[in-house]
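Engineer: Got a structure here, written out as structure tokens. Questions coming.
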Amino acid sequence: MAARSRLIDLASIPTVAQLYRTKKLLPAESIDSAFPASQHLNDSIALILNDITKLDIDCIVNAANNSLLGGGGVDGAIHRAAGPQLVEECSELDGCDTGDAKITKAYELPCKNVIHTVGPIYWDRSQRQRQDSSQPETLLRSCYRTSMELAMQHGLKTIAFPAISTGVYGYPIDLAARAVTQEVRQFLETHAGVPNALHKVIFCNFEPRDMNVYAQMFTQFLPPTPEDLRIADQSAGPGVTNGI
Ligand code: AR6
């Protein structure tokens with residue numbers, strides 16, 4: 001019971017709109033007109049600092065490697081929490097290409113499914129050199145897009161992403177967050193109103209410093225709507241400078 005009580009349900013994961021309305025996210029001083037404010041987007045995208053294995057939602061995304069047979073970082077955490085049946089199922093999937101995604105059951109995790117994707121290796125520590133240099137952003141965006149497509153194909157409505165490739169694979173968090181915020185925005189705009197549309201896309205960070213980077217990206221690519229600003233004006237307190 002103690003373990004279950006630590007689970008995070010959807011209602012306790014703040015959306016972009018809720019972050020603006022509670023002044024945990026403050027608008028940028030100048031708003032880029034290339035990215036108009038959208039209530040649909042601000043209600044559909046959410047941000048949390050937590051262990052992704054605790055999220056009680058439809059599916060979580062794993063930052064895996066090409067073998068899909070487990071590893072360190074978030075991959076290790078997901079396999080540990082799911083139990084040994086996960087690697088058994090993964091071993092039947094014949095690996096996964098970089099930028100692609102495959103789906104499994106979630107076993108002992110609270111979510112229904114795990115989507116395993118493989119991000120680009122931006123910086124290879126063992127060889128001390130940059131990898132996939134011509135197309136890391138294309139591959140990283142593909143991880144997010146393919147995972148969201150797979151979730152929709154399986155009727156899953158809520159999906160959470162860790163910061164793929166930004167750990168062992170060395171992708172700078174600011175470049176990654178900039179690319180994937182735009183990719184998710186574009187995907188949700190393109191798929192608004194279609195049958196099986198996603199209800200929530202959650203960015204789940206593990207490092208507090210990554211939250212600040214995402215907050216900066218949100219103010220740029222997901223500006224507040226007039227309604228978000230109106231409610232923020234009514235809420236008490238001076239607000240925090242994006243100290244989510
Ligand atoms: N919940 C949410 N995020 C987490 C968690 C967690 N429990 N644990 C770590 N992170 P990484 P990559 C964050 O290295 O860079 C594995 O060995 C972490 O802070 O897990 O894509 C695979 O098998 C970081 O922001 O994934 C591959 O070989 C983010 O997850 C390789 O690592 C991604 O860090 C993949 O490297």
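The values are calculated or read from the model by the stated rules, or taken from the named source; none is laboratory data. Note that this is a predicted model, so its numbers are computed, not measured. Reconstructed Cβ throughout: ideal geometry from the backbone, glycine too, with neighbour counts over all protein chains shown. Note: areas computed on protein heavy atoms with side chains; ligands, DNA, RNA excluded. Shrake-Rupley method; radii C 1.70, N 1.55, O 1.52, S 1.80 Å.
Engineer: For the chain, calculate the relative contact order in percent as a whole number, restricting contacts to Cα pairs under 8 Å that are 6 or more residues apart.
Structural biologist: Working: 472 pairs, mean separation 72.5, N = 244.
Averaging sequence separation for qualifying contacts and normalising by length gives 30 percent for the chain.
Engineer: Which order do the peptides 43-56, 181-194 take when ranked by the mean count of other beta-carbon atoms within 10 Å per residue, highest first? Don't jump to the answer; show the numbers that get you there.
Structural biologist: Numbers: 43-56: 20.4, 181-194: 15.6.
By packing density, highest mean first, the sequence is 43-56, 181-194.
Engineer: Can I ask one more? Would you work out if the stretch 150-196 is rounded, prolate or oblate? Take a ≥ b ≥ c from the square roots of the eigenvalues of the alpha-carbon gyration tensor; rounded if a/c is under 1.5, else prolate when a/b is larger than b/c, oblate otherwise.
Structural biologist: Details: a/c = 4.05, a/b = 1.86, b/c = 2.18.
In terms of gyration-tensor shape, oblate.
Engineer: Output the 0 to 90 degree angle, nearest 10, between the alpha-carbon long axis of helix 173-190 and the longest principal axis computed from the alpha carbons of the chain.
Structural biologist: 80
Engineer: Could you state the angle between the C-alpha long axis of helix 136-153 and the longest principal axis of the C-alpha atoms of the chain, as a value from 0 to 90 degrees rounded to the nearest 10?
Structural biologist: Helix 136-153 sits at roughly 90 degrees to that axis.
Engineer: How do 78-91, 211-224 rank on mean C-beta neighbours within 10 Å, highest first?
Structural biologist: Numbers: 78-91: 17.4, 211-224: 21.6.
Packing proxy ranking, top to bottom: 211-224, 78-91.
Engineer: Rounded to the nearest 5, what % of DSSP beta bridges with both residues in the chain are antiparallel? Can you show the working numbers first?
Structural biologist: Details: 8 of 27 bridges.
Within the chain, antiparallel bridges account for around 30 percent of the total.
Engineer: Provide the three semi-axes, in whole Å and in decreasing order, of the ellipsoid equivalent to the stretch 41-234 as defined by the square roots of 5 times the Cα gyration tensor eigenvalues.
Structural biologist: Largest first, the stretch 41-234 gives 26, 20, 15 Å.
Engineer: Okay, moving on. Step through the residues of the stretch 208-224 one at a time and calculate ³J(HN,Hα) from phi using the Karplus curve (6.51 cos²θ - 1.76 cosθ + 1.60, θ = phi - 60°), rounding each to whole Hz and writing x for Gly and Pro.
Structural biologist: With coefficients 6.51, -1.76 and 1.60, one gets x, 5, 5, 4, 5, 5, 4, 4, 4, 5, 4, 4, 7, 9, 9, x, x Hz.
Engineer: Okay, next question. Quickly estimate the mean residue ellipticity at 222 nm for the chain, helices only: each DSSP H run with n ≥ 4 gives -39500 (n - 2.57), and the total goes over all residues, rounded to 500. Walk me through the numbers on the way to the answer.
Structural biologist: Values: 9 runs with 91 residues, N = 244.
Computed ellipticity for the chain at 222 nm equals -11000 deg cm²/dmol.
Engineer: Report the number of Lys pairs in the chain whose alpha-carbons are under 16 Å apart, with separation of 8 or more residues or on distinct chains.
Structural biologist: 7
Engineer: Residues of the chain: accessible area per residue at 1.4 Å, in Å²? Before the final figure, lay out each step's value.
Structural biologist: Working: 11440 Å² over 244 residues.
Accessible area per residue, the chain: 47 Å².
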